[in-house]
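This structure is in structure tokens; I'll ask about it shortly.
The values are calculated or read from the model by the stated rules, or taken from the named source; none is laboratory data. Treat the numbers as computed from the prediction; the structure is a model and nothing was measured. Ideal geometry is used to build each Cβ from the backbone, glycine not excepted, and the neighbour counts take in all protein chains shown. Surface accessibility is based on the protein's heavy atoms, side chains included, excluding ligands, DNA and RNA. Shrake-Rupley method; radii C 1.70, N 1.55, O 1.52, S 1.80 Å.
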Amino acid sequence: MTLNVYLVRHGQTFLNLYNRLQGWCDSPLTPKGINDAHNAGQHLAHIAFDAAYHSDTTRAMRTCQYILEENVATPVLPNPQMLRNFREQSFGYFEGNDAGQTWLMVGASHGCRTYDELIDKFGAAATRDFLKQTDPFHHCENDQEYWQRIQAGFDYLYQHHTDGQNILLVSHSITIRTIVDRFAPEYQAPKNGPKNGAVTKLALKQGKIEVCYYNHYQETQNY
């Protein structure tokens, strides 16, 4: 059995615009963010969706709605459902904080000043663990906690859908890049995050996830 999952990053938000960390906290879509969502919808307008999901954030819910508004291939549009397993990584104490400042605080004791330096030197899993260690409340997710949540989400999709179905799933930057990095490291997704409104297609199979394409947002790309 194979499920086709169209994994979309939500449109730009005000915290994205201000370069602030936005995990479990939320902020509204900017005008550009609304346009990002409609553009994603136009790119996917020809896909007949059997189901639509979004994380439990307003930014993902709104993006999902705008995408479906553009769809012309689905006779009866699915009612979008919330699936919190695919929310963004938790940044705990650092939610809403300036991203550059946070990664300096996390990386300084490891000889790194930026997120990219941490990723290059230690990888995404260790960077998540470092973040939780630095959080004075330890509310950030470490790598094990994070992946337990994500895997449960994939298990849910596989158990509730049938062969060949097309699923829309609106999620978040680090969640998308982490999934892609695990199953298709050649994309170097941790350093090359998806654009707001970009589409990544997964083929979800029993015990295996294939990345069909990553970070498509241009008119000339296939969807």
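Out of all the residues in region 9-34, which are in a helix (DSSP H, G or I), open to solvent by 20 Å² or more (accessible area, probe 1.4 Å), of a type outside the set (Lys, Arg) and touching a residue at least 40 places away in the same chain (Cβ under 8 Å)? Steps first, answer last, please.
Just the residues of region 9-34 that are in a helix (DSSP H, G or I), to begin with: 14-17, 31-34.
Still in the list and also open to solvent by 20 Å² or more (accessible area, probe 1.4 Å): 14-17, 31-32, 34.
Narrowing the set further to residues that are of a type outside the set (Lys, Arg) leaves 14-17, 31, 34.
Result: LEU15, ASN16.
Further, regarding this structure: Restricting attention to region 185-200, which residues are open to solvent by 30 Å² or more (accessible area, probe 1.4 Å) and hydroxyl-bearing (Ser, Thr, Tyr)?
Within region 185-200, just TYR187 meets the criteria.
Shifting gears a bit: For region 156-167, state whether one or more residues are among the aromatic types (Phe, Trp, Tyr) and closer than 21 Å to PRO78 by Cβ. Spell out how you get there, then give the answer.
Taking region 156-167 first, the residues among the aromatic types (Phe, Trp, Tyr) are 156, 158.
So of that shortlist, the ones also closer than 21 Å to PRO78 by Cβ come out as 156, 158.
Yes - at least one qualifying residue is present in region 156-167.
Listed here are the residues, each with its yes/no results for (1) open to solvent by less than 80 Å² (accessible area, probe 1.4 Å); (2) touching a residue at least 24 places away in the same chain (Cβ under 8 Å); (3) under 16 Å from the mean Cα position of the chain (by Cα).
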residue: ASN166; (1), (2), (3): yes, yes, no
residue: VAL170; (1), (2), (3): yes, yes, yes
residue: VAL180; (1), (2), (3): yes, yes, yes
residue: PHE183; (1), (2), (3): yes, yes, yes
residue: LEU202; (1), (2), (3): yes, yes, yes
residue: TYR214; (1), (2), (3): yes, yes, yes
residue: GLN218; (1), (2), (3): no, no, no
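Condition check: open to solvent by less than 60 Å² (accessible area, probe 1.4 Å), assigned to a helix (DSSP H, G or I) and closer than 28 Å to ASP155 by Cβ. Does ALA60 satisfy that?
Numbers: open to solvent by less than 60 Å² (accessible area, probe 1.4 Å): yes; assigned to a helix (DSSP H, G or I): yes; closer than 28 Å to ASP155 by Cβ: yes.
Answer is yes for this residue.
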